[in-house]
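Below is one structure, written out as structure tokens; comments come after it.
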């Protein structure tokens, strides 16, 4: 079950786009991903693209500014910040998590080629 708030779905979209575009690009290039070097290269490019997309989506769509609303009945000022998150982790932190987790997965799974 995926839990998100606000624009947290952009994290999932960025990972999907990074993996999809990398798969298409490496399908067209003469790189043999059945060997360790090609596999690691494809993994690093995929993680890099997913990280880049998440960073750009966060900068473009997730606001850092506070929005101020005034309650008409009480006159009280209410400030609201964009709380976009995926699994209760804000979108801006997912950029570093995607990079870290992705690199560990690429390095760990490349050991099958020993």
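Structure summary
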{"item": "Condition met for residue 19 (in a helix (DSSP H, G or I), surrounded by 13 or more Cβ atoms within 10 Å (Cβ to Cβ) and touching a strand residue (DSSP E or B) at 6+ places or on another chain (Cβ under 8 Å))", "result": "no"}
{"item": "Selection count where residues are over 14 Å from residue 112 (Cα atoms), assigned to a helix (DSSP H, G or I) and over 24 Å from the mean Cα position of the chain (by Cα), scope segment 22-44", "result": "1"}
{"item": "Filtered residues of segment 59-111 (kept if in contact with a strand residue (DSSP E or B) (Cβ under 9 Å, 6 or more places away or on another chain), buried (at least 17 other Cβ atoms within 10 Å of the Cβ) and part of a helix (DSSP H, G or I))", "result": "91, 94"}
{"item": "Count of residues meeting criterion [closer than 14 Å to residue 10 by Cβ and modelled with pLDDT under 90] in segment 56-85", "result": "6"}
{"item": "Inter-residue pairs, beta-carbon under 8 Å, first free of Cβ contacts under 8 Å to residues at least 40 places away in the same chain and at positive phi and in segment 33-53, second in a helix (DSSP H, G or I) and surrounded by fewer than 16 Cβ atoms within 10 Å (Cβ to Cβ), 6+ apart", "result": "none"}
{"item": "Residue count, segment 69-106 (criterion: more than 19 Å from the chain's Cα centre (by Cα) and touching a residue at least 12 places away in the same chain (Cβ under 8 Å))", "result": "3"}
{"item": "Residue check for residue 33: surrounded by fewer than 16 Cβ atoms within 10 Å (Cβ to Cβ), in contact with a helix residue (DSSP H, G or I) (Cβ under 9 Å, 6 or more places away or on another chain) and more than 14 Å from residue 98 (Cα to Cα)", "result": "no"}
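The values are calculated or read from the model by the stated rules, or taken from the named source; none is laboratory data. The shown structure was predicted, so the numbers you read here are calculated from the model rather than taken from an experiment. All Cβ positions, even for glycine, are placed from backbone atoms using ideal geometry, and neighbour counts span all protein chains on display.
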